[in-house]
1. Probe 1.4 Å, all protein chains in place: accessible area of Leu75 in Å², nearest 10?
2. Please tell me the relative contact order of the range 67-130 in percent, rounded to the nearest whole number, where contacts are Cα pairs under 8 Å and at least six residues apart.
3. For the range 110-191, which whole percent of the accessible surface, found with a 1.4 angstrom probe, sits on carbon and sulfur atoms?
Amino acid sequence: TVVSDPYVCAKDMHRHVMVRCECGIERDLNVRYLASGESRSCGRKGCVKVKHGLARSPLYLCWQDIKRRCYDKSLWCYRLYGGEGKLMCNEWRQSFKSFAEWALSNGYRKGLTIERIDNSKGYAPDNCRWATCKEQCRNRRTNRIIEFRGEAKCLQVWIDELGLSGNTVRTRLRRGWTVEEAFFGKETIHK
């Protein structure tokens with residue numbers, strides 16, 4: 001429970017409030033942690049109902065990063081996530097344990113990142129999967145999708161599959177060449 005008006009803390013120059021935990025302890029808290037839901041107790045031993053022992057694990061850090069993207073308005077990327085209504089489902093937001101159980105039963109392993117299947121939606125079990133960084137890069141909204149031979153794929157996928165030079169293909173496309181010309185050269189196509 002918040003028990004004071006916001007004030008600027010002299011230590012870090014951020015907005016803080018005084019809060020009272022359910023156990024009765026009062027403490028100073030950065031407003032950012034309160035708004036994002038990251039702080040849910042005073043942290044005193046015995047106060048946190050469920051201790052998972054994973055606070056420094058990559059999976060826990062991933063969970064925190066998702067919450068920050070979705071709820072921390074001071075982050076530069078908030079506008080792309082929470083600012084566009086792409087939020088974390090309540091089940092995950094309220095419980096790291098729930099998120100961790102889903103992650104471990106859906107292929108999570110160290111080195112993978114969480115990826116939204118549909119980038120127009122938020123973080124929820126039915127819209128997320130684990131992917132390598134390379135796979136993640138191919139699912140960005142800024143990727144150029146190219147239709148060729150009846151299939152639509154990310155430009156980089158076509159470049160890799162056909163063994164082409166990425167710079168050459170991109171330059172040709174910028175110059176207005178057709179997809180086929182960009183892939184195989186005008187001289188090959190127009191023989």
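1. That residue has around 60 Å² of solvent-accessible surface.
2. On the way: 70 pairs, mean separation 17.7, N = 64.
Computed over the range 67-130, the figure is 28 percent.
3. On the way: 2470 of 5300 Å².
Of all accessible area on the range 110-191, carbon and sulfur atoms account for 47 percent.
The values are calculated or read from the model by the stated rules, or taken from the named source; none is laboratory data. What you see is a predicted model, and the numbers here were worked out from it, not measured in a lab. Areas reflect the complete protein model, heavy atoms only, side chains present, ligands, DNA and RNA absent. Shrake-Rupley method; radii C 1.70, N 1.55, O 1.52, S 1.80 Å.
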